[in-house]
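A short write-up of the structure that comes next.
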Amino acid sequence: MTTAPRRPLPVNPGLTGTMTAVLAMALLAGCGGADGASPSPAPAPASAAAAVPSNDATVTATPAEPGATDAPADHNAADVAFAGRIIPHHLQAVDLATLAQSRAGDPWVRDMASRILSARDTDIRTLKGWLDMWGAEPLPRDHKMPGMQTRAEIDALAKLSGPAFDKRFTTLMIKHDGGAIAIAGVEQKKGAFDGGKALATAISTALSAEVKELKEYLAKLK
């Protein structure tokens, strides 16, 4: 993902606090050991300011913290599938947001794009750290999943600018977020890793609020 320039944005403080608290619980939950053994440290998410590729087929792993070599306990196939699916799903959101930073006409859309870039960056690096410890890889960037746009849809969006771009971007992001919420819902029901389930809850909460904002904005354009 290409990191967008950061600037203060009007973010809902309640939502930000919820995301921070839940993600903190997620990482703490992943550190618990079994049978009195020493807990295995879960990977700490990298700074949101770190660069994330937007066009590469895979995400470059963030170097693990010293001693972070053991996989989190009590994970199952659903946890691995969740991490493997959300990474390419989030990467496409980054592609859309990157386009918005240069082609959007409304400052609100550019601000939303910056928020999307920052939040997805943190999630991707956390999930990639888990996959590294589980010996797994994310799905390909073009894997078909709920809410994902086709290459043709993204190419068509890239040809727009100004108000036409703003409306189409908002419409596509609503669909895209809905797909990510569905994927997170599966993890909430079937996952075994407490960290994964907590992060899925955080993603669902954050994207539900994001969809609400996008729908309110889209209604003003009609």
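For segment 77-220, the solvent-accessible area works out to 38 Å² per residue, with a probe of 1.4 Å and every protein chain left in place. A Förster radius of 35 Å, combined with the Cβ-Cβ distance separating residue 136 from residue 221, puts the computed FRET efficiency at roughly 0.30. Take the Cβ atoms of residue 153 and residue 74, set R0 to 35 Å, and the FRET efficiency comes out at 0.35. Computed from phi, the 3J(HN,Hα) profile of segment 162-168 under the Karplus parametrisation 6.51, -1.76, 1.60 (θ = phi - 60°) reads x, x, 5, 5, 4, 5, 5 Hz, with x in place of Gly and Pro. Highest mean packing comes first when the peptides 179-185, 163-169, 200-206 are listed by Cβ atoms within 10 Å, giving 200-206, 179-185, 163-169. In this structure, the pairs whose alpha-carbon distance is over 23 Å, taken from 128/190; 159/212; 128/159, are 159/212; 128/159.
With the simple spin-label model, which puts each label point 7 Å out from Cα in the Cβ direction, the residue 209 to residue 190 separation comes to 2.9 nm.
The values are calculated or read from the model by the stated rules, or taken from the named source; none is laboratory data. Since the model is a prediction, treat every value here as computed from it, not as a measurement. Every residue, glycine among them, receives a Cβ derived from its backbone with ideal geometry; neighbour counts consider all protein chains shown. SASA here: full protein model, heavy atoms, side chains in, ligands and nucleic acids out. Shrake-Rupley method; radii C 1.70, N 1.55, O 1.52, S 1.80 Å.
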